[in-house]
Amino acid sequence: MLAWHSAKTVRSICRILPGAMLWLAWLPLSLSQTREAGSPKFHIDSQRLQRTLEKLSEFGKNPEGGVTRLGFSETELAAREYVTGVMKQAGLQVRVDPAGNIFGLRPGSEKLPILLFGSHIDSVLHGGNFDGDLGSLGAIEVIHTLNDLSVKTRHPLEVVIWTNEEGNHFGLTTLGSGVAAGQLGPEILDRKDDQGLTLADWLRRYSQDPAHLTDARIPPGSLAAFLELHIEQGPNLEENKIPIGVVQGIVGLKRWMCVASGFANHAGTTPMNRRKDALAAASKDVLAVRDVVRAEPGRQVGTVGFVKVEPGAVNVIPGRAQFPVELRNLDTEVIDRMWRRIQEKFTAIDKEENVETSCTPLDDAEPASADPAVKSAIYAAAKSLGLATMDLPSGAVQDAQKMAKIAPMGMIFVPSHDGISHSPKEFTSWPDAANGVEVLYRAILVLDDRLNHQ
Ligand code: GLV
Ligand code: MN
Ligand code: MN
């Protein structure tokens with residue numbers, strides 16, 4: 001048995017069997033010897049982790065690499081079945097809540113609040129194989145490892161696979177965790193997708209009763225903590241050659257859907273000064289968003305991810321252009337200030353182009369801070385492995401962000417090659433992925449040991 005792990009196991013055994021203290025008295029010596037002998041050995045099975053991640057990457061696989069596995073799609077439904085099977089193989093008691101979140105419980109030895117950990121398996125359009133998948137299958141690997149090593153925990157442990165984190169479908173990011181945290185409710189059920197199907201329709205396809213959506217809420221204060229392992233999705237860890245990131249805070253995000261309405265008319269016969277070209281206006285709007293965001297000092301970002309043009313014919317002036325605006329920053333006030341400025345610019349552009357642009361709110365995720373006790377468990381876990389850490393913000397929104405509303409939250413980051421994510425080129429090396437899962441494993445045990453003592 002391994003040095004760091006042995007200490008934990010000894011404590012567990014002695015809690016259950018005080019007499020074990022005597023015959024285990026030799027262990028501290030062997031522990032310190034092992035520590036001095038060199039780098040600590042891993043407990044997790046990195047090959048099993050790789051196997052399950054590779055298998056998951058088959059669901060929604062794209063020819064150019066990576067996956068398209070949108071939340072609420074047939075592809076994701078099939079992937080969920082696969083992951084549910086892996087959870088069952090790990091001995092977890094699996095249930096699905098009315099928001100479609102999948103939970104797998106491993107009982108603890110004491111009557112204590114649940115320690116929850118996991119991530120998501122939905123992807124963006126043409127996404128990669130690590131965003132969400134690593135944290136999801138890494139969490140199940142932690143359970144497999146605890147089973148293999150017969151480790152009991154005081155707290156019940158629960159793995160969660162959140163529904164529709166990316167929000168590419170229905171425009172609502174972190175949908176499942178948002179419902180669980182009580183921030184989204186029945187008002188979202190009538191939202192329609194491009195095919196005219198409502199969220200309620202999709203929940204029914206996921207064998208859920210939308211009328212019970214709010215039953216998915218987790219009462220605030222009822223969890224011991226929430227922990228998520230994720231790829232960094234940025235370049236900092238790789239650039240600095242640091243294997244583990246400790247997230248300090250997660251950016252807030254606001255999204256709007258805007259429609260520029262002009263008039264679709266003949267492209268050959270309409271003089272240039274009589275046009276109401278919605279695409280020309282939207283093009284100026286896209287640049288206005290970029291200019292406003294760049295004009296502020298700081299690390300805020302703003303994006304227009306697509307423009308849908310109608311009617312979309314080579315010889316027709318565009319009559320309608322629909323586009324989302326997304327703004328992110330750690331400070332919501334900065335987001336609100338930028339949005340006011342953007343709206344002023346849109347009004348001026350409307351006048352120049354003789355069109356009307358209106359925007360409606362689509363999504364709103366507040367910034368969140370990581371909990372000191374959870375961060376401290378991550379530092380301790382990385383230190384026990386001899387892995388250096390770096391404090392980082394998360395520029396991506398996360399399910400952990402929603403969980404921070406109701407529980408102490410922490411996130412572990414591992415490097416993303418070239419800082420690329422939401423792309424088929426998204427890549428984290430297997431050793432880096434394994435480091436993250438081993439840190440997750442150890443951090444869970446540190447939290448189990450430290451939290452909730454009378
Ligand atoms: C999700 O990964 C996001 O940040 O949009
Ligand atoms: Mn993610
Ligand atoms: Mn993502």
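The residues in the range 102-120 that are closer than 23 Å to Gly436 by Cα and away from ligand 3 (no atom under 11 Å from the Cβ) can be counted, and the count is 10. Taken over the range 108-167, the criterion of being acidic (Asp, Glu), crowded, with 24+ Cβ neighbours inside 10 Å and within 16 Å of ligand 1 (Cβ to nearest atom) is satisfied by Asp122, Asp131, Asp133, Glu165. Restricting attention to the range 67-97, the residues that are acidic (Asp, Glu) and in a loop (DSSP other than H, G, I, E, B) total 1. Any idea which residue in the range 248-264 is farthest from ligand 1 (Cβ to nearest atom), counting only those that are assigned to a loop (DSSP other than H, G, I, E, B) and surrounded by 23 or more Cβ atoms within 10 Å (Cβ to Cβ)? Step by step, filter the range 248-264, then rank; the result is Gly262.
Applying a threshold of 6 Å to beta carbon distances and a minimum spacing of six or more residues, or different chains, the list of pairs starting in the range 322-345 at a residue that is among the β-branched types (Val, Ile, Thr) and ending at one that is assigned to a helix (DSSP H, G or I) and open to solvent by 40 Å² or more (accessible area, probe 1.4 Å) is empty. Residues that are in a strand (DSSP E or B) and open to solvent by 90 Å² or more (accessible area, probe 1.4 Å) occur in the range 265-277; there is at least one. Taking residues in the range 209-221 that are in contact (Cβ under 8 Å) with a residue 40 or more places away in the chain, and partners anywhere that are assigned to a helix (DSSP H, G or I) and open to solvent by 80 Å² or more (accessible area, probe 1.4 Å), the pairs with Cβ atoms closer than 7 Å and at least 6 places apart or on different chains are Pro210/Arg204. With the requirement that a residue be out of contact with any Ser or Thr (no Cβ under 7 Å at 6 or more places or on another chain) and of a type in the set (S, T, N, Q), what does the range 200-242 give you? Result: Ser207, Gln208, Thr214, Ser222, Asn236, Asn240. For the range 102-124, a residue qualifies if it is within 15 Å of the chain's Cα centre (by Cα) and in a loop (DSSP other than H, G, I, E, B), and the qualifying residues are Ile121, Asp122, Ser123, Val124. Just for the range 389-417: of the residues that are part of a helix (DSSP H, G or I) and touching a Phe, Trp or Tyr at 6+ places or on another chain (Cβ under 8 Å), which one is nearest to Leu227 (Cα to Cα)? Residue satisfying both the conditions and the ranking: Ala400. Each residue in the range 221-247 was checked for being in a loop (DSSP other than H, G, I, E, B), farther than 21 Å from Arg442 by Cβ and within 20 Å of the chain's Cα centre (by Cα), and 3 of them qualify.
The values are calculated or read from the model by the stated rules, or taken from the named source; none is laboratory data. Source: prediction; values computed, not measured. Ideal geometry is used to build each Cβ from the backbone, glycine not excepted, and the neighbour counts take in all protein chains shown. In case anyone asks, the SASA skips ligands and DNA or RNA and just uses the protein heavy atoms, side chains included. Shrake-Rupley method; radii C 1.70, N 1.55, O 1.52, S 1.80 Å.
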